[in-house]
1. Restricting to the range 139-179, give me the number of residues that are closer than 21 Å to Trp34 by Cα and either at pLDDT below 95 or crowded, with 18+ Cβ neighbours inside 10 Å (or both).
2. Enumerate the pairs (first residue in the range 256-278 and more than 17 Å from Arg239 (Cα to Cα) and in the same structural domain as Leu24 (by TED's automatic domain parsing); second residue anywhere and more than 16 Å from ligand 1 (Cβ to nearest atom) and open to solvent by less than 30 Å² (accessible area, probe 1.4 Å)) with beta-carbon separation below 7 Å, excluding pairs fewer than 6 apart on the same chain, so at least 6 apart or on different chains.
3. Yes or no: the range 234-242 includes at least one residue that is more than 21 Å from the chain's Cα centre (by Cα) and crowded, with 17+ Cβ neighbours inside 10 Å.
4. Against the definition (within 13 Å of ligand 1 (Cβ to nearest atom), surrounded by fewer than 19 Cβ atoms within 10 Å (Cβ to Cβ) and not aromatic (Phe, Trp, Tyr)), how does Gln120 come out, yes or no?
5. Going residue by residue through the range 315-325, is there one that turns out to be out of contact with any strand residue (DSSP E or B) (no Cβ under 6 Å at 6 or more places or on another chain), more than 16 Å from ligand 1 (Cβ to nearest atom), free of Cβ contacts under 8 Å to residues at least 12 places away in the same chain and over 30 Å from Leu97 (Cα atoms)?
6. I want to confirm something. Restricting to the range 243-273 and keeping residues that are open to solvent by less than 20 Å² (accessible area, probe 1.4 Å) and small (Gly, Ala, Ser), which single residue is farthest from ligand 1 (Cβ to nearest atom)?
7. Scan the range 205-230 for residues that are more than 30 Å from Asp158 (Cα to Cα) and open to solvent by 90 Å² or more (accessible area, probe 1.4 Å) and jot them down.
8. Determine, yes or no, whether Ala286 is among the small types (Gly, Ala, Ser) and open to solvent by less than 40 Å² (accessible area, probe 1.4 Å).
Amino acid sequence: MSNPSTQSRKRVLSGMRPTGKLHLGNYMGALANWVRLQNEYECYFFIADLHALTTDYADTSQIPDNTREVALDWLAAGLDPEQCTIFIQSQVNDHSLLHLLFSMITPLGWLERVPTYKEQQENLTGKDLSTYGFLGYPLLQSADILLYQPDFVPVGQDQVAHVELTREVARRFNQFYKRPDGSEILPEPQVLLTPAPKLPGTDGRKMSKSYGNTILLSDPEPEIRKKLKPMVTDPARIRRTDPGDPDKCPVFDLHKVFSSAETQAKVREGCTTAGIGCIECKGWLADAVVAELAPMQERRIKFAQGNLVDDILKAGGKRATTRARQTMTEVRAAVHLPPEVSE
Ligand code: TRP
Ligand code: SF4
């Protein structure tokens, strides 16, 4: 890597499932934070395509396209492949081996108790999730993490339980297996909780792909304006002449994230006095969102050319493999497995 301080920087690892084109909620909830972290830490960011299989095993045909779109959005958002390592989980074999080794030492009860397990099983109706692989979802995540011996794992609140399990798995592993000198191989990583501003979608609920209320990072300007126009507002503001309350309006929640202080003041004044209409207000919001996304969309076009993304992911996969082997050489020895055969 080009940064000479790489060796001394603390390490960060995080991942995202290949959900396809990312939206503003994904950006504010994770990606923007990653872009900041890459300058300060030695960062590994990967697309969790094996995790996608745990729920989408019956039809895996969309995973390659979804993986590519996520990678494009990461690069568009400003992840710099010279600065951090970006890769696809399944292209680094050791995720699978470490997961398998963890499966030997993890009591079933630990996995059955993870809160996302029953929740997701109930939410994702229409999919049979009473599988071995789905129960192991958070254990695969533990392998993803511990494989890189990171100091920090930046995640949102919804993933904290998974990092907590990861710490327990590390502790159990370290009890059974040690270095020849008795020291621990897998340090317990810490959560780096991503501060997530409240980001409503166009229907006023949390922005989420499953609600169909998102604005994509790759949406062209007319699409952004079209999506924002019918957005839910302060329900008390029925007629143009009714004053509104920005603090009860999801449009204003987005202004708080994307618009300047001046624009926010102008909205507050105009809304509470009925001096502006909601259409005008949403137009200003669209201006701010378009301005935020414009540089990303330029980069996206650049990275979408030819095989650029594939080359970046391949180079990242090689770099990640090298780092993963460092851990696995010690893990294999500690478990009394023979070393990997390399050609
Ligand atoms: N489970 C995470 C999610 O749904 C994705 C993920 C997989 C992950 N492996 C990880 C996140 C390792 C952080 C670290 O968002
Ligand atoms: Fe919401 Fe803006 Fe309409 Fe006020 S003017 S209710 S902040 S959309």
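1. Initially, the range 139-179 is screened for residues closer than 21 Å to Trp34 by Cα, giving 141-164, 166.
Imposing the further condition that a residue be either at pLDDT below 95 or crowded, with 18+ Cβ neighbours inside 10 Å (or both) reduces the set to 141-150, 152-159, 162-163, 166.
So the answer is 21.
2. Qualifying pairs under 7 Å: none.
3. Narrowing the range 234-242 to residues more than 21 Å from the chain's Cα centre (by Cα): 234-242.
Keeping just the survivors that are crowded, with 17+ Cβ neighbours inside 10 Å gives 234, 237.
The answer is yes, given that some residue of the range 234-242 is more than 21 Å from the chain's Cα centre (by Cα) and crowded, with 17+ Cβ neighbours inside 10 Å.
4. Working: within 13 Å of ligand 1 (Cβ to nearest atom): yes; surrounded by fewer than 19 Cβ atoms within 10 Å (Cβ to Cβ): yes; not aromatic (Phe, Trp, Tyr): yes.
It is true that Gln120 is within 13 Å of ligand 1 (Cβ to nearest atom), surrounded by fewer than 19 Cβ atoms within 10 Å (Cβ to Cβ) and not aromatic (Phe, Trp, Tyr).
5. Initially, the range 315-325 is screened for residues out of contact with any strand residue (DSSP E or B) (no Cβ under 6 Å at 6 or more places or on another chain), giving 315, 318, 321-325.
Checking which are more than 16 Å from ligand 1 (Cβ to nearest atom) leaves us with 315, 318, 321-322, 325.
Next cut, free of Cβ contacts under 8 Å to residues at least 12 places away in the same chain only: 318, 322.
Then drop every residue that is not over 30 Å from Leu97 (Cα atoms), which leaves none.
No, the range 315-325 contains no residue that is out of contact with any strand residue (DSSP E or B) (no Cβ under 6 Å at 6 or more places or on another chain), more than 16 Å from ligand 1 (Cβ to nearest atom), free of Cβ contacts under 8 Å to residues at least 12 places away in the same chain and over 30 Å from Leu97 (Cα atoms).
6. Among residues in the range 243-273 that are open to solvent by less than 20 Å² (accessible area, probe 1.4 Å) and small (Gly, Ala, Ser), the one farthest from ligand 1 (Cβ to nearest atom) is Gly270.
7. Result: Pro222, Lys226, Lys229.
8. Numbers: among the small types (Gly, Ala, Ser): yes; open to solvent by less than 40 Å² (accessible area, probe 1.4 Å): yes.
So Ala286 fits the description; yes.
The values are calculated or read from the model by the stated rules, or taken from the named source; none is laboratory data. In this text, all values refer to a predicted model and were calculated from it rather than measured experimentally. Positions of Cβ are generated from backbone atoms using ideal geometry, with glycine treated the same way; all protein chains shown enter the neighbour counts. We work out accessible area using only protein heavy atoms, side chains counted, and drop any ligands, DNA or RNA first. Shrake-Rupley method; radii C 1.70, N 1.55, O 1.52, S 1.80 Å.
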